[in-house]
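Trainee: Quick one: this structure, given as structure tokens, is what I'll be asking you about.
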Amino acid sequence: MDIEYFYLLIFPITILVWYFFKNNETFSHVKFSSIDKNTITNTLRSKLRHLPFILKIFASIFLIIALARPQSSINWQESTTKGIDILLAMDISGSMLAQDLKPNRLEASKNVALDFISKRMNDRIGLVVFSGESFTQCPLTTDHNVLSNLFKDVQSGMIDDGTAIGMGLATSVNRLKESNAKSKVIILLTDGINNSGVIPPLTAAEIAADFGIRVYTIGVGTKGLAPYPFQTAFGIQYQDVEVKIDEITLQDIATLTNGKYFRATNNNSLKEIYKDIDELEKSKIQITNFHKKSEEYLPFALLGLVLLFLAFLLNISYLKQIT
């Protein structure tokens with residue numbers, strides 16, 4: 001409630017007091033001449049001549065109370081607190097430009113991840129990208145607009161090519177290790193085999209497990225051959241290349257950290273994977289109760305308007321000829 005508005009009550013109260021003293025004599029009796037001896041000198045209309053003014057004063061009081069926005073604090077409502085910190089670790093190596101997912105693996109992965117982010121409004125989410133090395137594109141944040149914009153800027157070729165899965169995982173663990181969240185999660189997505197970096201993937205997974213971080217791993221790529229882009233003297237040419245994903249390592253990472261491994265062979269399966277992860281992490285929701293205030297200004301506002309309307313009707317009808 002905004003109690004400052006109650007200072008405005010000084011005005012209607014002051015006007016009411018002034019009106020009372022100004023019309024003190026007319027409040028007590030009304031005198032007028034008549035040739036009719038039986039005429040009542042104090043009629044009902046005469047007694048009610050001050051009513052429109054009184055109604056306006058009370059209307060202004062009720063409207064001022066409505067402006068102050070009175071609130072009720074007797075209602076309780078359930079709320080959900082997820083308490084989950086999520087780090088997205090995404091492979092941006094050149095192979096992520098393969099077009100077995102449309103328009104390619106990288107863009108498909110970005111689009112599905114952005115949709116996932118939009119549904120996790122209460123979580124802190126960050127982004128780590130890796131190729132031949134890794135870096136943090138966006139630290140953990142609840143400002144998902146900033147995160148989404150930084151996500152859209154991710155392109156293959158931002159860093160030296162390669163697939164440093166261990167480095168990507170280690171960087172993500174480093175961002176989560178100090179977190180006090182109820183649940184700490186890494187979603188690691190790659191389409192290849194670890195061939196760069198100084199930290200082996202399983203070593204990074206053991207560190208994640210020590211910090212209580214759960215890792216969901218996603219292998220992206222169809223089974224068999226996939227069209228890869230190659231730069232030639234005649235421009236970019238596409239050639240079918242065998243898809244090689246180190247599924248055993250990705251499964252071991254998930255097992256070590258109490259997570260789960262998924263394989264995305266097309267756009268739809270990738271969407272379903274993020275949907276499954278979304279559902280799995282919702283099991284960590286903590287239900288809390290909080291005191292909720294309800295707005296109670298509407299009855300006062302309506303009553304004030306009704307009184308103003310009633311005063312207007314009296315002035316133009318029953319009390320119109322009273323002076």
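Trainee: Given the conditions (1) outside any helix (DSSP H, G or I); (2) modelled with pLDDT of 80 or more; (3) in contact with a strand residue (DSSP E or B) (Cβ under 9 Å, 6 or more places away or on another chain), report the number of the one that GLU78 does not fulfil.
Mentor: (2)
Trainee: For segment 10-55, enumerate the residues that are aliphatic (A, V, I, L, M), over 17 Å from TYR318 (Cβ atoms) and at pLDDT 75 or above.
Mentor: Selection gives ILE10, ILE13, ILE15, LEU16, VAL17.
Trainee: Of the residues in segment 162-200, how many are in a loop (DSSP other than H, G, I, E, B) and not hydrophobic (A, V, I, L, M, F, W, C)?
Mentor: To start, the set of residues in segment 162-200 that are in a loop (DSSP other than H, G, I, E, B) comprises 162-164, 177-182, 191-200.
From the residues that got through so far, the ones that are not hydrophobic (A, V, I, L, M, F, W, C) too are 162-163, 177-180, 182, 191-192, 194-197, 200.
Summing the residues that are in a loop (DSSP other than H, G, I, E, B) and not hydrophobic (A, V, I, L, M, F, W, C) in segment 162-200 gives 14.
Trainee: Being within 22 Å of THR222 (Cβ to Cβ) and acidic (Asp, Glu): is that true of ASP153 here?
Mentor: Working: within 22 Å of THR222 (Cβ to Cβ): no; acidic (Asp, Glu): yes.
When the stated conditions are applied, ASP153 does not pass them.
Trainee: Suppose we filter ASP143, ASP210, ASP161 for residues that are within 24 Å of ASN266 (Cα to Cα), charged (D, E, K, R) and assigned by TED's automatic domain parsing to the domain that holds GLN251; which single one remains? Please lay out each step first, then the result.
Mentor: Numbers: ASP143 fails: within 24 Å of ASN266 (Cα to Cα); ASP210 fails: within 24 Å of ASN266 (Cα to Cα).
Testing whether each residue is within 24 Å of ASN266 (Cα to Cα), charged (D, E, K, R) and assigned by TED's automatic domain parsing to the domain that holds GLN251 leaves just ASP161.
Trainee: Here are some residues: THR203, THR222. Which one is loosely packed, with under 14 Cβ neighbours inside 10 Å, in contact (Cβ under 8 Å) with a residue 24 or more places away in the chain and either in a helix (DSSP H, G or I) or not aliphatic (A, V, I, L, M) (or both)?
Mentor: Working: THR222 fails: loosely packed, with under 14 Cβ neighbours inside 10 Å.
Unique residue meeting the criteria: THR203.
Trainee: Also: Among what's in segment 137-161 and is assigned to a strand (DSSP E or B) and crowded, with 16+ Cβ neighbours inside 10 Å, pick the residue that is nearest to the chain's Cα centre (by Cα).
Mentor: So in segment 137-161, the residues assigned to a strand (DSSP E or B) come out as 137-141.
Filter once more, so that each one left must be crowded, with 16+ Cβ neighbours inside 10 Å: 137-138, 140.
Details: GLN137: 22, CYS138: 18, LEU140: 16 Å.
Filtering segment 137-161 for residues that are assigned to a strand (DSSP E or B) and crowded, with 16+ Cβ neighbours inside 10 Å, the one nearest to the chain's Cα centre (by Cα) comes out as LEU140.
Trainee: If I filter segment 104-131 down to residues being at pLDDT 95 or above and surrounded by fewer than 16 Cβ atoms within 10 Å (Cβ to Cβ), which single residue comes out as farthest from ILE159 (Cα to Cα)?
Mentor: Filtering first and then ranking leaves ASP115.
Trainee: ASN174 is checked against (1) touching a residue at least 24 places away in the same chain (Cβ under 8 Å); (2) surrounded by fewer than 20 Cβ atoms within 10 Å (Cβ to Cβ) and fails just one. What number does that condition carry?
Mentor: So the condition that ASN174 fails would be (1).
Trainee: Also, quick follow-up: Residues that are more than 27 Å from LEU256 (Cα to Cα) and out of contact with any strand residue (DSSP E or B) (no Cβ under 6 Å at 6 or more places or on another chain): does segment 161-173 have at least one?
Mentor: The answer is yes, given that some residue of segment 161-173 is more than 27 Å from LEU256 (Cα to Cα) and out of contact with any strand residue (DSSP E or B) (no Cβ under 6 Å at 6 or more places or on another chain).
The values are calculated or read from the model by the stated rules, or taken from the named source; none is laboratory data. Because the structure is a prediction, the values reported are computed rather than measured. Note that we place each Cβ from the backbone using ideal geometry, even for glycine, and neighbour counts take in every protein chain shown.
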